[in-house]
Structures are given as C-alpha cells and as structure tokens.
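As structure tokens, the structure follows; a few thoughts come after it.
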Amino acid sequence: MYGTWFCVCFAFTGTMMGELKDRVDELEQWTDGKGLIVQGAASTFCSGSDLNAVRAISNPQDGMKMCMLMQNTLTRLLRLMAPGSEIRFVHKHMGLVPGWGGAARLVRIVGSKNALQLLSTARRVDPDYAVSIGLAEEILASDVSRSLDQAQKWLSDHTKGPSSVIRALKKVVISGRELPLDEALRIEKQVFGTVWGGPANLEALAQGPKHKGHNTDD
C-alpha cells in the first residue's frame, strides 16, 4: 500500500513541519504500508523556510528543538526530480549551516567533496547533475499529473514484496547509514530474527527458488 501527501505550502512553516512529522509517525504504525509520496503544490516543493516562522524562533534554544524534530523526521526521504526543477543549499546566505541532517547526510549521499561544493557555492543542482552524484534517484516527466504516476510506478517497482519484508529492509539500511557499525549490526541481527522463519520466508521456501544465483550464506 502506498500514500500520497500533497504539500500545499511553498516554504516550511511550523504547521508544515508538524504535518510532515505526523505523516512519518503514522507510517511507523502503518504495518501494511510501504511508502509515502510527498509532492509539492504546483511547480514548487519547498522554497525554503517561512521567514515569519524563522523570526519567531530565532534563538538557539528553539533552533535546537526544531533541529531535533526535523532530523528525526527526514531520515527516510528519497528524492525524485522533474525536468526544470532544482535543488539548492542556500544556508550560507542566511548565515547558517544545514541543521536537519542536511550536512551529515549529504556527505554520506554524495561524498564530502561534492557536499562541500554544494554547500559552499549554493549552486543550482539540476536533475541530471543530481542523479549523476546520487542526490536524486530518478528524473520524472515534466507534466505534473504524469510525474505523479511515474513516481507511483517508481515506488511500486522498488517496494515489491510483502510489507513486513520491505519495512525490514528499510530498517536495516537506515540503521547502517545512520548508526555506528556495532549498533547497526545489532539492529540487523534483531530484524533478521523477525523475518527468518516468518510468513514470507516460509512461503518462499515452500514455493522453491524463483531466482538464479541465490545463496544461503545467512
């Protein structure tokens, strides 16, 4: 099962951040779900932060609270781009650095050299370049309605299989990306124990192998 959330704001407000967190929290309890598509209104996903909201919390204490909220919320997002769209990291122009995991995760996604270039130059990243460095997964159609259909197909292609297995795969990958190796291995062991001998595993064993080159190293 999949869902689509249409973001009708052009800049991050407190309400928008709260709604995004709520959707992510819902997904944590959505045992039959596999993914959620977050789509911006019209031709814009998000142009930055709402300046009125920023001014209202322009002190270190509130900034830290916002940082922690959004760091935890944005751990699971992948990016699909339409032709003519762009990604920019304009934090330096606001006297800031990314604070929602956008720096540390950017390094892990595109490497330290590319991350430093994107952050220090605030260059406009078009879809082709974004895909080439791993910042975006795929380029969608230019027509808005077609791009949503294409995004749904992309999600479907990447989440085939039982929901329990897809969620388990996501958990071990996110743990491996976000946590120290020892902690990630501990979680991988725990997750492995939940799927080994589980319904999907037993059904696959009963049906016999359907793929070539399989092994039983684990």
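The values are calculated or read from the model by the stated rules, or taken from the named source; none is laboratory data. Treat the numbers as computed from the prediction; the structure is a model and nothing was measured. Note that each Cβ is placed from the backbone with ideal geometry, even for glycine, and that neighbours are counted across all protein chains shown. Keep in mind that these areas ignore ligands, DNA and RNA; they rest on the heavy atoms of the full protein, side chains included. Shrake-Rupley method; radii C 1.70, N 1.55, O 1.52, S 1.80 Å.
Considered as a group, the residues in region 141-160 that are surrounded by 12 or more Cβ atoms within 10 Å (Cβ to Cβ), of a type outside the set (Asp, Glu) and not in a helix (DSSP H, G or I) include one that is modelled with the lowest pLDDT, and that residue is Ser142. Scanning region 77-103 for residues that are exposed (fewer than 15 other Cβ atoms within 10 Å of the Cβ), at negative phi and not β-branched (Val, Ile, Thr) returns Leu77, Leu78, Pro83, Glu86, Arg88, Lys92, His93, Met94, Leu96. Of all residue pairs spaced 6 or more apart or on separate chains, those with beta-carbon atoms under 6 Å, a first member in region 27-38 that is touching a residue at least 60 places away in the same chain (Cβ under 8 Å) and a second member that is open to solvent by 80 Å² or more (accessible area, probe 1.4 Å) and part of a loop (DSSP other than H, G, I, E, B) are Asp32/Met1; Gly33/Met1.
In region 58-73 there is no residue matching the filter, namely being outside any loop (DSSP other than H, G, I, E, B), open to solvent by 60 Å² or more (accessible area, probe 1.4 Å), more than 22 Å from Arg23 (Cα to Cα) and modelled with pLDDT of 85 or more.
Taking the criterion of being under 25 Å from Gly18 (Cα atoms) and in a helix (DSSP H, G or I), the residues of region 93-113 that qualify are Met94, Ala104, Arg105, Leu106.
If you go through region 173-190 and keep only what is part of a helix (DSSP H, G or I) and under 20 Å from the mean Cα position of the chain (by Cα), you end up with Val173, Ile174, Ser175, Gly176, Arg177, Glu178, Ala184, Ile187, Glu188.
Taking region 1-40 as the range and being among the aliphatic types (A, V, I, L, M), at pLDDT below 65 and surrounded by 13 or more Cβ atoms within 10 Å (Cβ to Cβ) as the test, only Ala11 passes.
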